[in-house]
Protein chains: 2
Amino acid sequence: MNEKSRRSGLLHAGRPSPTLEDLATAAGVSRSTASRAINGGLKVSPEAQAAVDAAIVALGYTPNRAARSLVTRRTGSIALVIPEPDARVMMDPFFAAVITGVNEALRGTDMQLVLLMSRAGDDSARTMRYLRGGHVDGAIVVSFHEADDWAETLGTTGLPTVFIGRPWATGFGVPYVDLDNFEGGRLAARHLAGTGRTRLGTVAGPADMTAAVDRLEGWMQGIREAGLQPGPVVHGDFTTAGGADAARTLFSEAPELDGVFAASDLMALGVIDTVRGRGHKVPEDVAVVGFDNHSLLAANGLGLTTVTQPMVDMAVTAGQLLIRAIENPEEQLEPVIYPAELVVRGSTAGHSR
Amino acid sequence: MNEKSRRSGLLHAGRPSPTLEDLATAAGVSRSTASRAINGGLKVSPEAQAAVDAAIVALGYTPNRAARSLVTRRTGSIALVIPEPDARVMMDPFFAAVITGVNEALRGTDMQLVLLMSRAGDDSARTMRYLRGGHVDGAIVVSFHEADDWAETLGTTGLPTVFIGRPWATGFGVPYVDLDNFEGGRLAARHLAGTGRTRLGTVAGPADMTAAVDRLEGWMQGIREAGLQPGPVVHGDFTTAGGADAARTLFSEAPELDGVFAASDLMALGVIDTVRGRGHKVPEDVAVVGFDNHSLLAANGLGLTTVTQPMVDMAVTAGQLLIRAIENPEEQLEPVIYPAELVVRGSTAGHSR
DNA sequence: TCCGAATGTGGGAGCGCTCTCACCACATGG
DNA sequence: CCATGTGGTGAGAGCGCTCCCACATTCGGA
């Protein structure tokens, strides 16, 4: 009469997926023992463990995440929050690197990556609700702007969070992974000055992103250290088109520039385009330094001198940090800062002093 | 004595998140009525509905997905399966476009995107288990190779699935979204022939991907239709470096080529590099046609003639298709094929017949 | 010999939700 | 007047799992 036992299980498939109860029966143990055998196997006799293991294979058993999650209050997934407005920005390989890296960190864990891409205002509230709703065990936030209040909100909410890139407000104890952007900018300045360039222009990143601000400050400091005068500064949006536009403005203000620092490789590409469009040569007339060491561009005919940013590694570290934060909520995690390195290529070569 | 009522709720945060029971109490209705009010509100009096709505706001109530999922057998998330081996390939903006598009399709739904990136053999089995385990309501599979048996396995498993790109085995009734790659290849051939190029080389994509094969076949057909002889064919891996390598092989076999079709823009970039490296000019000596209409390269100095592939749109369509498949499992969905269009730019200009 | 402690096991409760069902009130029709 | 809906409601079961607790067994030391 207990014939209703063959319930639905998996919605779509033919046969219903076996439950823990089924597994226990097949293994000849109780539900409790089966559960213990699956999770770490403490206080389980070798025989019972073996029986359960065998039954798992035989039945193709997979624990029901929802049921487990309901009681453990762990979802087994983390969110990658990307608060960027449009597809254009997504094309930036930075995101590809972040996704790859975070995924890499999750390998071996049975955690899954949930992508949370939120747009303007209203949508970000929805994202926030989702995050606070306990649907994920933690979050990695990336590419945030000053206007976003992720750091504050998440910091106070108690949800384990790691930022990629220094957040504007560091007072909330939220750990982050970042590049030494200041030093990167400084290296660029020192290098350009070292090759004899003296009239330096800047295509900075968005003023509401810490990475852009730090790069700019380092660059300025480097220029001062070299005893040069900082030239004009124009802000771009990290895209190629934005870099080209910024460069046009730059050269219309100061046509005699012989060196430009762009705060991203994509923008540097735009700068080079503009320089060439004006009938000048890179690097003979104008040297260009980028930032990111973007692999797509490395293969490009003219090598681009740039500052290395190990994005994948940084993302991996962020993922690992988050896992630690989830597993050990009390531990106070320190920010991780990667050193910046300059890669010299063709775009800053051959200037006859 | 029922004072244990204030249980944990959300693991991390201070206050526990309210349950449906709390909500019902606050609204002065029963749990059942509250549930109905939340889900569609059929057979709920306006007063009750209003009371529940107010309570939701007041308490900041969010339904517990796990609990809901446990009984509905719907997880409210779909998987994006990317069976690519390494980060290098992830840099291809194709993936960025797919992610953006699918996410776009999910907007408005309360579905979430789970990223499943699997590597070689073993790992793909894990992915497969995850998919069959009922952890997601559906899957979008992208960039599959012939060796993968996703189409077969998923097709028979009953999990709603949509492919981006035609799968090798179409017999399983799995719907897909694709570009008319054949026509795209044909357009490229017709265009090159039309500009007077006669000695045509090919940098094809990986032979185990349908998109590459279809492009190659269309290209060959176009060459034949133009009354020309197909030149040498070398296979690349869709990356810039791969394209450059392939082009080297190509030109060592047939140095006199005056036109090359590369099955992706990234490879076309590599081809151009190689051509220039050999001291020849694009397009004067060698015309190059790419494939994808990759936005990153559009801004490049020399415009690349290419075949448009509306990747974001295609991904949106795939997402919508999947949602329909999930909501209406019986419906037989048809593949959607986008037309290919040629975009003529500088890389195929100015050949003096 | 007997008593903890350690080790292994199974029963039961309960996580927060949906859904079936019984029920009530009131309308409508014979 | 009673049969038959019909909109609205609430109690109760149960989804598959983990965890607490009670219980059985074994082992070491007093």
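The values are calculated or read from the model by the stated rules, or taken from the named source; none is laboratory data. Predicted, not measured: the structure shown is a model, and the values here were computed from it. A quick note on method: Cβ atoms are made from the backbone with ideal geometry, for glycine too, and the neighbour counts reach across all protein chains shown. The accessibility values were calculated without ligands, DNA or RNA, using every heavy atom of the protein model including side chains. Shrake-Rupley method; radii C 1.70, N 1.55, O 1.52, S 1.80 Å.
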How high is the relative contact order of chain B, in percent, counting Cα pairs under 8 Å that sit 6 or more residues apart?
16 percent
Ignoring any ligand, DNA or RNA, what whole percent of the accessible area of region B:200-282 comes from carbon and sulfur when the probe is 1.4 angstrom?
52 percent
Using alpha carbon centers only, region A:120-193 is separated from region A:263-296 by a whole-angstrom value of 29 Å
Given 5 Å bins starting at zero, what is the percent of C-alpha pairs of region A:177-225 in each, up to the one with the largest pair distance?
5, 24, 31, 22, 11, 5, 1
Considering the Cα trace of the protein assembly as shown, what is its radius of gyration and what is Dmax, both in angstroms?
28.2, 96
For region B:141-211, listing GluC sites (Glu not before Pro) in a DSSP loop whose Cβ sees at most 11 other Cβ atoms within 10 Å gives none
Compute the Rg to Rh ratio over region B:100-236 from the alpha carbon atoms, using the Kirkwood formula for Rh, and round to two decimal places.
1.09
If one builds a Gaussian network model of chain A from Cα atoms under 10 Å apart, the most fluctuating residue listed among A:Gly194, A:Gly101, A:Gly242 is A:Gly194
Calculated log₁₀ intensity ratio I(q)/I(0) where the Debye formula runs over C-alpha points of chain B, q = 0.06, 0.08, 0.14 Å⁻¹:
-0.32, -0.52, -1.07
FRET efficiency, 1/(1 + (r/R0)^6) with R0 22 Å, evaluated for B:Ser45 and A:Arg129 via beta carbons
0.20
Please work out how much length the chain gains when fully extended from A:Val71 to A:Arg107, using 0.36 nm per residue of separation minus the C-alpha to C-alpha distance, in nm with one decimal.
10.5 nm
With +1 on the Cβ of every Lys and Arg and -1 on the Cβ of every Asp and Glu, the dipole magnitude of chain B about its Cα centre, in debye rounded to the nearest 20, is 980 debye
Placing a label point 7 Å from Cα toward Cβ, how far apart in nm is B:Thr249 from its equivalents in the other copies, listed shortest first to one decimal?
4.7
Would you mind computing, in nm to one decimal, how far apart the modelled labels at A:Thr153 and B:Leu333 are, each placed 7 Å from Cα along Cα→Cβ?
3.1 nm
Farthest toward positive dipole pole in region A:141-285 [+1 Lys/Arg, -1 Asp/Glu at C-beta], among A:Leu250, A:Phe144, A:Pro206:
A:Leu250
For the protein assembly as shown, whose charge dipole is built from +1 on Lys and Arg Cβ atoms and -1 on Asp and Glu Cβ atoms, the candidate among A:Tyr61, B:Leu80, A:Val29 with its Cα farthest towards the positive end is A:Val29
If you take the accessible area of B alone, add that of A alone, and subtract the area of the pair, what total do you get in Å², probe 1.4 Å, to the nearest 100?
5200 Å²
Where does the charge balance sit around A:Pro283 when Lys and Arg score +1, Asp and Glu -1, over other residues with C-beta under 11 Å from its C-beta?
0
Accessible area in square angstrom per residue, the protein assembly as shown, 1.4 angstrom probe:
42 Å²
Leaving out same-chain residues fewer than 8 places away, which aspartates and glutamates sit with a Cα under 17 Å from that of B:Lys281?
B:Glu256, B:Asp258, B:Asp273
What gaps in nm, shortest first, separate B:Pro339 from its twins in the other copies when you place the label 7 Å past Cα toward the beta carbon?
5.8
Within region A:17-83, report the trypsin sites (Lys or Arg not before Pro) that DSSP leaves as loop and that have at most 12 other Cβ atoms within 10 Å.
A:Lys43
Could you check the simple spin-label distance between A:Glu217 and A:His145, using points 7 Å along Cα→Cβ, in nm with one decimal?
2.1 nm
For A:Gln229, go 7 angstrom from Cα along the Cα-to-Cβ vector, then report the distances to that same point in the other copies in nm, smallest first.
6.6
Computing the accessible area with a 1.4 Å probe over protein heavy atoms, can you report the carbon and sulfur percentage for region A:147-195?
48 percent
Charges only on Cβ, +1 for Lys and Arg, -1 for Asp and Glu: so what's the dipole of the protein assembly as shown about the Cα centre, in debye to the nearest 20?
1260 debye
